[in-house]
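The values are calculated or read from the model by the stated rules, or taken from the named source; none is laboratory data. No experiment lies behind these values; they were computed from the predicted model shown. When we count neighbours, we look across all protein chains shown, and the Cβ atoms used for this are built from the backbone with ideal geometry, even at glycine.
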Amino acid sequence: MRIFPSPAGLLVCAALCAAGPALAQDAAVPARAATADATDAAPVEVPGTDDAWIDRQLLDIDRYAARYPDSFLDEVARYAQMPHGYAEVLLRERHWPPRDVYVAAFLAKAAGRPYREVVRARTAAGAPAGWAAVATGLDVPPGSLAYRTLRHAIVASYDHWDRPIVLDALLRRQLGDRATRDRAAEQPQDGATRSQ
């Protein structure tokens with residue numbers, strides 16, 4: 001037994017085949033426009049530290065903090081001594097990107113300045129200003145010992161988070177690979193010997 005489609009079914013099929021590409025094109029145009037609008041509205045800002053390696057890591061810290069906000073805030077509170085609540089207010093109420101919270105906290109610690117002073121300097125400089133301008137205004141310009149300390153803090157944070165990180169040549173010479181850093185972290189810091 002052979003089944004033949006009805007004339008009405010053939011007509012509907014032909015109409016859909018003819019209209020399909022046109023409908024698909026019309027549907028695709030708004031999607032491209034929406035993508036372009038989203039891209040134009042929220043460009044990824046470079047932190048502007050004048051250190052390409054730091055800038056790359058800070059953008060990755062933004063991604064990490066978006067996924068693990070509590071771990072990020074704990075890191076800032078524990079290792080940079082910025083109070084957890086203060087960091088949380090900057091992040092959630094003042095809408096600072098995590099990278100700015102991180103740099104404010106760790107640059108303040110590295111420079112021996114109060115974290116509120118660094119936060120005020122960043123706020124006064126405004127969003128378009130990069131961290132290099134803020135740091136220079138605080139007398140800790142790119143290339144200073146405070147910047148080197150910030151670079152080391154970033155590596156330590158990645159190690160605390162057990163997150164992979166690619167070190168540049170200078171950091172590889174200074175800190176070594178992960179196994180070397182782990183061995184160094186196990187050593188007593190004050191010169192005292194550990195009892196087994």
- Query: Quick check: anything in segment 154-162 under 13 Å from D51 (Cβ atoms) and touching a residue at least 60 places away in the same chain (Cβ under 8 Å)?
  - Reply: yes
- Looking at (1) in a helix (DSSP H, G or I); (2) in contact (Cβ under 8 Å) with a residue 24 or more places away in the chain, find the lone condition where P142 falls short. (1)
- Applying the selection to segment 101-160, what residues are within 17 Å of D62 (Cβ to Cβ) and at pLDDT below 95? A127, G130
- Of the candidates P43, P30, P47, the one satisfying the condition of being outside any helix (DSSP H, G or I), modelled with pLDDT under 50 and at negative phi is P43
- Task: Could you grab me the full set of residues in segment 158-189 that are over 26 Å from G143 (Cβ atoms), of a type in the set (D, E) and assigned to a helix (DSSP H, G or I)?
- Result: D182, E186
- Checked against (1) under 17 Å from Q174 (Cβ atoms); (2) surrounded by 20 or more Cβ atoms within 10 Å (Cβ to Cβ); (3) not basic (K, R), A135 satisfies every condition except (1)
- Scan V89, V118 and give me the residue that is of a type in the set (V, I, T) and closer than 21 Å to S144 by Cβ. V118
- Query: Does at least one position in segment 146-159 carry a residue that is surrounded by fewer than 17 Cβ atoms within 10 Å (Cβ to Cβ) and of a type in the set (K, R)?
  - Reply: yes
- Regarding A121, is this residue touching a residue at least 60 places away in the same chain (Cβ under 8 Å) and either in contact with a strand residue (DSSP E or B) (Cβ under 6 Å, 6 or more places away or on another chain) or among the small types (G, A, S) (or both)? no
- Neighbours by Cβ (under 8 Å, 6+ apart or cross-chain): first from segment 173-196, on the phi > 0 side of the Ramachandran plot and surrounded by 10 or more Cβ atoms within 10 Å (Cβ to Cβ); second modelled with pLDDT under 90 and in a helix (DSSP H, G or I): G176/A184
- Answer yes or no as to whether L175 is modelled with pLDDT of 95 or more and closer than 25 Å to D100 by Cα. no
- Task: Kindly indicate whether any position in segment 79-87 is buried (at least 21 other Cβ atoms within 10 Å of the Cβ) and assigned to a loop (DSSP other than H, G, I, E, B).
- Result: yes
